[in-house]
1. Given region B:2-118, report the % of alpha carbon pairs whose separation exceeds 19 Å.
2. Any idea how far the Cα center of region B:190-215 sits from the one of region B:28-79, in Å?
3. Where a ≥ b ≥ c are the square roots of the eigenvalues of the C-alpha gyration tensor, would you call the protein assembly as shown rounded, which needs a/c under 1.5, or, failing that, prolate if a/b is larger than b/c, or oblate?
4. In what order do A:201, B:62 fall by count of nearby beta-carbon atoms within 10 Å, going from fewest to most?
5. Points 7 angstrom from Cα along the Cβ direction at residue B:41 and residue B:198: gap in nanometres?
6. Test of understanding: ordering B:112, A:48 by Cβ neighbours within 10 Å, fewest first, what list do you get?
7. Rounding to the nearest 10 and keeping the result within 0 to 90°, find how far the Cα-based axis of helix B:59-68 lies from the longest principal axis of chain B.
8. How high is the FRET efficiency from residue A:106 to residue B:69, r the C-beta distance, R0 25 Å, rounded to 0.05?
2 protein chains.
Amino acid sequence: MRLLVVEDETRLALALQRGLQAEGFAVDVAGTGPAGLEMARHGGYDAMILDVMLPGLSGYRIVRQLRTEEHWLPVLMLSAKDGEYDQADGLDCGADDYLTKPFSYVVLLARMRALLRRGAPQRPAVLTAGDLSLDPAGRRVSRAGVEVSLTAREYALLEYLMRHAGEVVSKTELLDHVWDAGMDTAPNVVEVYVGYLRRKIGRELLETVRGAGYRLAG
Amino acid sequence: MRLLVVEDETRLALALQRGLQAEGFAVDVAGTGPAGLEMARHGGYDAMILDVMLPGLSGYRIVRQLRTEEHWLPVLMLSAKDGEYDQADGLDCGADDYLTKPFSYVVLLARMRALLRRGAPQRPAVLTAGDLSLDPAGRRVSRAGVEVSLTAREYALLEYLMRHAGEVVSKTELLDHVWDAGMDTAPNVVEVYVGYLRRKIGRELLETVRGAGYRLAG
DNA sequence: CGGAGCGCTGTGAGCGTGCTGAGAACATCC
DNA sequence: GGATGTTCTCAGCACGCTCACAGCGCTCCG
């Protein structure tokens with residue numbers, strides 16, 4: 001397992017490198033944002049430990065940049081800030097886990113193991129299907145770049161469909177996942193909302209598979 | 001997105017349920033360990049929020065049990081303990097993320113989003129036979145790369161045949177598995193549908209074994 | 001070579017499934 | 001209080017899937 005540590009405090013960087021090497025990882029260190037980004041792009045790392053406060057380029061921007069370039073290696077973010085919103089921001093911009101300094105080495109190791117166990121995240125922070133894109137964090141949907149306004153229910157339905165793009169999703173599955181269980185809603189609501197969605201996002205993208213369910217273009 | 005919250009403090013459980021529902025999730029709550037395990041097994045949830053200290057069965061044991069039963073839904077653990085080793089334990093026993101109480105609702109939400117983003121259900125393999133391929137998840141069939149559109153019954157028949165490619169499948173077997181058992185349908189329907197299928201996927205692939213049944217080219 | 005099964009296919013009736021518009025119940029905003 | 005928006009139910013409609021039936025062709029036997 002090959003890890004990249006991007007951290008400008010040399011003492012911390014060295015400590016991490018030594019500790020992780022003792023655990024059997026191969027570890028490289030970058031001291032600035034741009035260097036880290038470059039190495040992450042081409043180094044073939046299995047995971048990355050990334051400080052938020054970096055000279056040249058913040059950790060947030062590095063993750064965002066990597067994700068837009070379709071690099072999906074697991075990223076564990078480190079930050080001296082401890083405001084909760086920072087943590088939320090870090091995760092929403094594409095990091096996979098977040099630790100605030102000071103952190104315990106044992107926790108770091110456990111989290112890194114958990115990250116590697118999961119493997120590279122397959123899915124981008126923003127879901128796309130055809131010319132449709134959905135940003136779960138911002139709760140926004142746009143079609144061919146044009147923003148579409150959806151109601152809560154329409155949004156929940158579309159999100160579920162997009163997370164299963166290309167697969168056939170049955171009406172009962174949709175009832176279970178998009179509508180609250182226990183509610184005995186008429187199964188017809190699904191058809192009604194599919195109709196609403198089609199009106200807003202376009203008819204072609206959401207296909208009916210008669211007798212089986214619906215399929216969003218993969 | 002359908003979530004399961006396993007938490008015995010009813011006030012916290014209700015607060016979580018209400019908050020997450022406001023975000024558009026479908027949320028169920030279990031108040032004890034055994035109930036939570038049972039619901040996680042059969043509820044078809046997209047993710048799970050799991051308290052460590054539970055009456056009946058600890059959160060650790062629940063995760064471990066689920067993992068040994070090959071349930072891979074994302075698990076976010078909650079704990080009042082804050083010793084670092086607990087956190088490491090939680091992650092090592094199979095949870096995907098870990099929050100210590102008291103936690104901020106914003107962080108919980110961001111982490112839950114990150115978990116769902118990662119959640120990559122591995123698709124079942126695509127079935128192939130000759131130049132035919134069938135994708136069970138997408139309910140798609142193509143012949144030599146060209147998509148073929150099948151009705152529900154035709155699809156069910158072909159799927160059964162492909163799962164037994166190379167074997168001779170009798171008409172009564174097909175009646176039992178593709179048509180509802182017990183239905184007294186004329187045995188002739190099988191012949192009719194084999195005819196439809198041959199028209200769509202090609203005559204050569206589906207062979208008649210006179211007196212015994214049909215065989216799809218292996 | 002001829003007959004008896006067995007399998008194939010065209011036709012058409014019935015009805016299941018999904019789509020839509022109208023409207024009721026409810027919440028929210030001004 | 002009225003206007004607006006959201007969620008959901010209901011009923012009507014149309015398409016096309018499913019299946020029974022009947023007649024024909026093919027195959028395997030004596």
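1. Value for region B:2-118 (Cα pairs over 19 Å): 37 percent.
2. 47
3. prolate
4. A:201, B:62
5. A separation of 4.7 nm, rounded to one decimal place.
6. Ranked by crowding around the Cβ, least crowded first: B:112, A:48.
7. Relative to chain B, helix B:59-68 is tipped by roughly 20 degrees.
8. In this case the efficiency is close to 0.30.
Here, each number is a calculation from the coordinates, and none is a lab measurement. Everything numeric here is computed off the predicted structure, so don't read it as measured data. When we count neighbours, we look across all protein chains shown, and the Cβ atoms used for this are built from the backbone with ideal geometry, even at glycine.
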